[in-house]
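Participant: Structure below; questions to follow.
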Amino acid sequence: MGIKVPGKRYGKRLEHSKVFGHGGHGKKNGNADLLITPLVDMFVIIVLFLIANFSATGEVLMMTKDIVLPEAVNVKEVEMHPVVMVSNDQVSVSGTIVGRVEDLTKDEYLNIPALEEKLRDMKKQFEDLHSMAGGGETFKGDVNIQANKDVQFKVIKRVMFSCATAGYGNINFAVIQAGGAAAGEKTAAVTP
């Protein structure tokens, strides 16, 4: 064991510090300063990129694999309105199933009560919302029908009658725009 010089002795923890001990060359500090300006610039660029790439129009119609839309040449752009979907199996409004096509072909009535009720509820919600907001927008009665091209006309006729009875007189049919490769598979609306 070596001989130690008398004098002050610091604890083991302080022995290697810059102030008390001999350890002037201590460990590097693990904390780094965060530069705020480049960080804010980066977030501004990200937000602008997301805004530029965000589609304000969005998809008005939800395309499902059990509905094959017919093609049409004279079309107009689809607008945001309630969508009645008619597949080979069922009829639905905004994701809510209101009837089965098999049952609708058997009945002799022209209306579909569940469809009328759902559309009337949607009309009432529209009118209540706009009356509370104080807006002068009136209810126009626009509806989009997205029907499979193989559905019987009898079913489409009943859907149209129910829409008109519920107050939706402006009926648009969703179609795929035909007319060459330039048009692609763009969905559009046809007014009867």
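The values are calculated or read from the model by the stated rules, or taken from the named source; none is laboratory data. Since the model is a prediction, treat every value here as computed from it, not as a measurement. Here Cβ is always computed from backbone atoms with ideal geometry, including for glycine, and neighbour counts include all displayed protein chains. Protein only, heavy atoms only, side chains kept; ligands, DNA and RNA dropped before computing areas. Shrake-Rupley method; radii C 1.70, N 1.55, O 1.52, S 1.80 Å.
Participant: Counting other Cβ atoms within 10 Å, which trypsin sites (Lys or Arg not before Pro) in region 59-126 have at most 15 and lie in a DSSP loop? Display every interim value, and only then the final one.
Facilitator: Numbers: sites: K65, K76, R100, K106, K118, R120, K123, K124; in loops: K65.
Counting only loop positions with at most 15 other Cβ atoms within 10 Å, the trypsin sites (Lys or Arg not before Pro) in region 59-126 are K65.
Participant: Probe radius 1.4 Å, ligands and nucleic acids left out: which of D150, D33 has the largest accessible area, and how do the rest follow?
Facilitator: Numbers: D150 110, D33 145 Å².
Order by accessible area, largest first: D33, D150.
Participant: Starting from region 64-134, pick out the GluC sites (Glu not before Pro) whose DSSP state is loop and whose Cβ has at most 15 other Cβ atoms within 10 Å.
Facilitator: Numbers: sites: E71, E77, E79, E102, E108, E116, E117, E127; in loops: E77, E79, E108.
Loop-located and lightly packed - E77, E79, E108.
Participant: Also, quick follow-up: Residue by residue through region 42-51, what is 3J(HN,Hα) from phi via Karplus (6.51 cos²θ - 1.76 cosθ + 1.60, θ = phi - 60°)? Round to whole Hz and write x for glycine and proline.
Facilitator: 5, 5, 5, 5, 5, 5, 5, 4, 5, 5
Participant: Please work out the FRET efficiency for the pair K106 and D128, using the Cβ-Cβ distance as r and a Förster radius of 22 Å; give the result to the nearest 0.05.
Facilitator: Numbers: r = 36 Å, r/R0 = 1.64.
For R0 = 22 Å, the calculated efficiency reads 0.05.
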